[in-house]
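Participant: There's a structure below that I have some questions on.
The values are calculated or read from the model by the stated rules, or taken from the named source; none is laboratory data. Nothing here was measured: the structure is a model prediction, and the numbers come from that model. We place every Cβ from the backbone using ideal geometry, glycine too, and count neighbours over all the protein chains shown.
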Amino acid sequence: MLDTAMTVPPRPASGDAGEGAVPRTVEGPDSIPFRGRAAICLVPDLGIASVFEPSRCWRDEGPGERLMLVRPAVGRLQVTLGSRSVACCSRDALLVSASRGAVFEALGVDRIDFLAIERDRLTGPLAALETGLVRRIGRDHPGLQTLTVYGASLLRGLIPVGSVGIADLVRAHLAELLAFTVREPAPVTVFPGPSRRDLRIQALKAEVEQRLGRPDLSLDAVAQAQQISSRQVQAMFQAEGETFSGFVLARRLDRVMQRLTDVEDDRPVSAIAFDVGFGDLSYFNRTFRRRFGLTPSEVRRSGRAAE
């Protein structure tokens, strides 16, 4: 669970008629995991939280052993436990079976989402995990995807947790989803395919990805390639809660971050920026720092030092 100093009233006893869990923002206390600027958690604590602007280095010194699943929204996150060290990038996750003493190093990470469960409450396949286990879980794993959406909906208050009984069910659901995620991949049930609108926005984003490295990438060019109007393209991105230009910029910055944290890519920062489609280096440096809180050179130096 979350550090006790961060969670304000304790969970009511099972027979108590206390209120259900509600999202709450916590700011400032040094006890926030990853020493973040702020965190969104559920009160009473259900073991999930989103931490914003985490410290670049944090050691879990919790009072008890807990299993932890951590996921950076963007950037690179590395965990070292004893002699084991594993890293992941944007939207992948790291599983640490017993996180006390683990050292987490964040590079260009603006938010960390995590699920933590006390080891003495683990059952089934989770209880069978060796205590020194550290594993990376890819962003495409269906269990991780479902767990991410479920946790985000809880933290946004979109799933009401109106009683202690419901809170206990939610804890069980989170543990079951995590158990599914850490098991060997199982056959995935085939559900009805995506809607026509979903396919269209996927095609638009795929078109952007293909053209991302071209400085002439534009709204009109993508619209023409997809044989729809520019206004339709704008409307479809707005329905997703973003703009076309904002999506293009975010994807270019994410691609630069991935290449800067790849120790095998030793090209100059300027070459990488031009390669992903930036034509103005001052604009690139300004937007990169605004997004990640570090300059591209700082990211590269930190990544090499970590390796």
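Participant: Which ones in the stretch 157-171 are among the aliphatic types (A, V, I, L, M) and either in contact (Cβ under 8 Å) with a residue 60 or more places away in the chain or outside the structural domain of Leu46 (by TED's automatic domain parsing) (or both)?
Facilitator: Result: Val161, Val164, Ile166, Ala167, Val170.
Participant: For residues in the stretch 81-100 being within 18 Å of Gly64 (Cα to Cα) and not basic (Lys, Arg), which is farthest from the chain's Cα centre (by Cα)?
Facilitator: The qualifying residue farthest from the chain's Cα centre (by Cα) is Gly82.
Participant: Given the criteria under 30 Å from Gly165 (Cα atoms) and at pLDDT below 90, does Glu53 qualify?
Facilitator: In short, no.
Participant: Across the stretch 40-73, what is the number of residues that are without any contact (Cβ under 8 Å) to a residue 60 or more places away in the chain and in contact with a Leu (Cβ under 6 Å, 6 or more places away or on another chain)?
Facilitator: The qualifying residues number 2.
Participant: Would you mind finding the one in Thr146, Thr131 that is among the β-branched types (Val, Ile, Thr), outside any helix (DSSP H, G or I), under 29 Å from Gly101 (Cα atoms) and in contact with a Ser or Thr (Cβ under 9 Å, 6 or more places away or on another chain)?
Facilitator: Going through Thr146, Thr131 in turn, just one is among the β-branched types (Val, Ile, Thr), outside any helix (DSSP H, G or I), under 29 Å from Gly101 (Cα atoms) and in contact with a Ser or Thr (Cβ under 9 Å, 6 or more places away or on another chain): Thr131.
Participant: Further, regarding this structure: In the stretch 158-186, which residue that is surrounded by 14 or more Cβ atoms within 10 Å (Cβ to Cβ) and of a type in the set (Gly, Ala, Ser) is nearest to Asp92 (Cα to Cα)?
Facilitator: The residue in question is Ala179.
Participant: What helices (runs of 4 or more DSSP H) completely inside the stretch 213-297 contain at least 3 residues that are farther than 24 Å from Arg91 by Cβ and not assigned by TED's automatic domain parsing to the domain that holds Ala106?
Facilitator: By residue number, 219-226, 230-239, 269-275, 281-292.
Participant: OK, next. Here are the criteria: (1) hydrophobic (A, V, I, L, M, F, W, C); (2) over 23 Å from the mean Cα position of the chain (by Cα); (3) at pLDDT below 85. Tell me which single one Val188 does not satisfy.
Facilitator: (2)
Participant: Collect the residues in the stretch 141-156 that are surrounded by 13 or more Cβ atoms within 10 Å (Cβ to Cβ) and in contact (Cβ under 8 Å) with a residue 24 or more places away in the chain, keeping them in residue-number order.
Facilitator: Those that are surrounded by 13 or more Cβ atoms within 10 Å (Cβ to Cβ) and in contact (Cβ under 8 Å) with a residue 24 or more places away in the chain: His141, Pro142, Gly143, Leu144, Thr146, Leu147, Thr148, Tyr150, Gly151, Ala152, Leu154, Leu155.
Participant: So, in the stretch 147-165, exactly how many residues are in contact with a Lys or Arg (Cβ under 8 Å, 6 or more places away or on another chain) and among the aliphatic types (A, V, I, L, M)?
Facilitator: 1
Participant: To continue, here is another question. Within the stretch 66-73, is there a residue that is farther than 20 Å from Val26 by Cα, more than 13 Å from the chain's Cα centre (by Cα), surrounded by fewer than 20 Cβ atoms within 10 Å (Cβ to Cβ) and not basic (Lys, Arg)?
Facilitator: no
Participant: Additional query: For the stretch 75-89, enumerate the residues that are out of contact with any strand residue (DSSP E or B) (no Cβ under 6 Å at 6 or more places or on another chain) and not in a loop (DSSP other than H, G, I, E, B).
Facilitator: Within the stretch 75-89, just Ser85 meets the criteria.
Participant: Scan the stretch 128-140 and give yes if some residue there is farther than 20 Å from Pro54 by Cα, buried (at least 17 other Cβ atoms within 10 Å of the Cβ) and within 15 Å of the chain's Cα centre (by Cα), otherwise no.
Facilitator: Checked against the condition, which is being farther than 20 Å from Pro54 by Cα, buried (at least 17 other Cβ atoms within 10 Å of the Cβ) and within 15 Å of the chain's Cα centre (by Cα), the stretch 128-140 yields at least one hit.
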